[in-house]
Amino acid sequence: MQIKKTVIASILFAVICAGGFLAADTAYADAASAADSTAYDSTPDANSMMMRKWADYGTLLSDDNSDLNPNAPVLREEAARMLSTIILFRSERYNYSPLAFSDVGEDSPYYEHVKVVALTGVMNGIRSDVFGVGQVMTREDAAVVLYRVFAAYLDAKSVGSFNDLWQSSSWAGGSIMLLAGNGIVHGYSDGRFRPHNAVTRLEFVLMLDRLMPTPGKVRVVLPDPKNIPDFDRTDPKPVVVDPYAHLRDKKLIALTFDDGPFREQTPRVLDELSAKGVKATFFMTGNRAQAWPDTVRRVVNEGHQLANHSYSHKSLTGMSAESVKWEINHTNDLLEEISGVRPTVLRPPFGSINARTAETAGMPIIMWSIDPQDWDGKTSDYIVSFVTSRARDGDIILLHDPVSASIRATPVIIDMLHREGFTFVTVDELIAVRGGAENGTVYYRFR
Ligand code: ZN
């Protein structure tokens, strides 16, 4: 909280300097502090109050001024419009010719907004001649542009981290670390930031609101690149808290469930895992996810990892590169659309993979090291003894959602392996603790 107060004080100062007015809304401030005590989100009431406040200020627009679409993704031109409402912009200070973006002509409704963010250096085009109208902002994009606006008011020595910071782009990691250290981004309750997910309107405005609890204008002072920690750079050594300290030197094992979601069985698997407090990884097919979207969301809400098992569960090795790409990307898009989380790893149907398919996949390919072939009429006793007799540190266990014997075996396996000192982790956690995974590479275990 100390850091946050400093931030607010600096920004209020900026608002005063900018000729804004100082009207602290204490009722709202209380709601905001309450929201900060939760991992990511605030209460729905506090959220809608907050969004309404920014709508009243003119930062958020809605079609009929009632639905502020908190869960809609932010497009680049919308981000430009929102930011242009808070950036102090004196056009006479800028010596400019018309913008050179082919998708933002002078007759574009976004022209003035894009002018503000482009000339202040807050947003660049996706290319020198294209702004990227219609393209979705990711969470890391949002972190970068908000950091640029508010850099001068943040404590450059406070850095934080997330379990999946390694997945963020090299140009974004430093901004995410600084926003995290200053309490502006909280990530999800599982300790991840999910940098490549689309940023929603609620998330974007929530970050903005933590930076600037009272709407006003900010004078942009772009950060000196030297002051942005670069998590790829080894000198100077970045100060990163190890989010996996509690998992290092532990015997780790990952439970994975394939082929779901199924209407009845997947919820039973989830009940068993929840009773034991264990997180697993669910490799789902796109077509089944479309059929049972509520179950997909439950998997994510309960902290499990959602992963890609193709769209139609056909062998990828016989397909054209184009079809393979579609099977994988369409499933990533669907799962992300349904759950808000984009899968990070792929398991090809039947484990069928060849070099060409692996290269086309564009994701790490996760196989397994323990397979009781549960789909082949095995009893739960057989599955338990097959798995527990083979389990070693770093193994990945393959089970299937719809197999009742596996659902019955799950709590027994968990109890037995817990007694042997194993810690159950998701595949992403296993990857992060054991040195990472590369796109197109096939992994069977992580020792
Ligand atoms: Zn399968």
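The values are calculated or read from the model by the stated rules, or taken from the named source; none is laboratory data. As the structure is a computational prediction, the values presented were derived from the model and not from experiment. Note: ideal-geometry Cβ built from the backbone for every residue, glycine included; neighbour counts use all protein chains shown. Each accessible area value is taken on the protein alone, full model and side chains, heavy atoms only, with ligands, DNA and RNA left out. Shrake-Rupley method; radii C 1.70, N 1.55, O 1.52, S 1.80 Å.
Quick one: is G362 touching a strand residue (DSSP E or B) at 6+ places or on another chain (Cβ under 8 Å) and either at positive phi or of a type outside the set (A, V, I, L, M) (or both)?
Numbers: touching a strand residue (DSSP E or B) at 6+ places or on another chain (Cβ under 8 Å): no; either at positive phi or of a type outside the set (A, V, I, L, M) (or both): yes.
Answer is no for this residue.
For region 375-400: of the residues being outside any loop (DSSP other than H, G, I, E, B) and open to solvent by 60 Å² or more (accessible area, probe 1.4 Å), which is nearest to R347 (Cα to Cα)? Step through it out loud before you land on a result.
As a first pass, look at region 375-400 and keep what is outside any loop (DSSP other than H, G, I, E, B): 380-390, 395-400.
Then keep just the ones that are open to solvent by 60 Å² or more (accessible area, probe 1.4 Å); that gives 381-382, 385, 389-390.
Values: D381: 26, Y382: 24, S385: 25, S389: 24, R390: 21 Å.
Filtering region 375-400 for residues that are outside any loop (DSSP other than H, G, I, E, B) and open to solvent by 60 Å² or more (accessible area, probe 1.4 Å), the one nearest to R347 (Cα to Cα) comes out as R390.
Between residues in region 216-235 that are more than 26 Å from S91 (Cβ to Cβ) and of a type in the set (S, T, N, Q) and residues that are at pLDDT 80 or above and surrounded by 14 or more Cβ atoms within 10 Å (Cβ to Cβ), which pairs lie under 9 Å by C-beta distance while being six or more apart or on different chains?
N227/A151; N227/A156; N227/G174; N227/L178
Here's the yes/no breakdown for (1) touching a strand residue (DSSP E or B) at 6+ places or on another chain (Cβ under 6 Å); (2) among the β-branched types (V, I, T); (3) over 28 Å from L247 (Cα atoms):
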residue: Y382; (1), (2), (3): no, no, yes
residue: I407; (1), (2), (3): no, yes, no
residue: I414; (1), (2), (3): no, yes, no
residue: V425; (1), (2), (3): yes, yes, no
residue: V433; (1), (2), (3): no, yes, no
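I'd like the full set of residues that are charged (D, E, K, R) and farther than 24 Å from K279 by Cβ, limited to region 151-198. I'd like the intermediate steps shown before the answer.
First, the residues of region 151-198 that are charged (D, E, K, R): 155, 157, 164, 190, 192, 194.
Matches in region 151-198: D155, K157.
Output the number of the condition that S404 fails; it satisfies all remaining conditions of (1) surrounded by fewer than 16 Cβ atoms within 10 Å (Cβ to Cβ); (2) within 16 Å of the ligand (Cβ to nearest atom).
(2)
Restricting the search to region 169-191, which residues are touching a residue at least 40 places away in the same chain (Cβ under 8 Å) and open to solvent by less than 20 Å² (accessible area, probe 1.4 Å)? Break it down stepwise before answering.
Of the residues in region 169-191, the ones touching a residue at least 40 places away in the same chain (Cβ under 8 Å) are 170, 173-175, 177-178, 181-191.
The answer is G173, G174, S175, M177, L178, G181, N182, I184, V185, G187.
Return a yes/no flag: does region 378-399 have any residue that is within 16 Å of the ligand (Cβ to nearest atom) and of a type in the set (S, T, N, Q).
Within region 378-399, none of the residues are within 16 Å of the ligand (Cβ to nearest atom) and of a type in the set (S, T, N, Q).
Taking the condition of being over 18 Å from E77 (Cβ atoms) and under 11 Å from the mean Cα position of the chain (by Cα), how many residues in region 193-210 meet it?
Taking region 193-210 as the starting set, the residues that turn out to be over 18 Å from E77 (Cβ atoms) are 193-197, 202, 206-207, 209-210.
Subsequent filtering for residues that are under 11 Å from the mean Cα position of the chain (by Cα) retains 193-197.
Going through region 193-210 one residue at a time, the tally reaches 5.
Somewhere in region 200-207, is a residue outside the structural domain of H304 (by TED's automatic domain parsing) and modelled with pLDDT under 90? It would help to see each step written out before you state the result.
So the first thing to find is which residues in region 200-207 are outside the structural domain of H304 (by TED's automatic domain parsing), and the list is 200-207.
Filter once more, keeping what is modelled with pLDDT under 90: none.
No, every residue in region 200-207 fails to be outside the structural domain of H304 (by TED's automatic domain parsing) and modelled with pLDDT under 90.
Looking only at region 361-374, which residues are out of contact with any Ser or Thr (no Cβ under 9 Å at 6 or more places or on another chain), open to solvent by 30 Å² or more (accessible area, probe 1.4 Å) and touching a residue at least 24 places away in the same chain (Cβ under 8 Å)? Steps first, answer last, please.
First, pick out the residues of region 361-374 that are out of contact with any Ser or Thr (no Cβ under 9 Å at 6 or more places or on another chain): 361-362, 367, 369-371, 373.
Okay, now just the ones that are also open to solvent by 30 Å² or more (accessible area, probe 1.4 Å), so 362, 369, 371, 373.
The answer is G362, S369, D371.
Select, from D164, D141, D129, the only residue that is surrounded by 24 or more Cβ atoms within 10 Å (Cβ to Cβ) and over 13 Å from N227 (Cα atoms).
Numbers: D164 fails: surrounded by 24 or more Cβ atoms within 10 Å (Cβ to Cβ); D129 fails: surrounded by 24 or more Cβ atoms within 10 Å (Cβ to Cβ).
It is D141.
List pairs: first in region 98-121 and surrounded by 16 or more Cβ atoms within 10 Å (Cβ to Cβ), second assigned to a loop (DSSP other than H, G, I, E, B) and among the charged types (D, E, K, R), Cβ under 7 Å, 6+ apart or cross-chain?
What qualifies is F101/D129.
Looking at region 79-96, which of its residues are closer than 20 Å to V133 by Cβ and free of Cβ contacts under 8 Å to residues at least 24 places away in the same chain?
The one that is closer than 20 Å to V133 by Cβ and free of Cβ contacts under 8 Å to residues at least 24 places away in the same chain: Y96.
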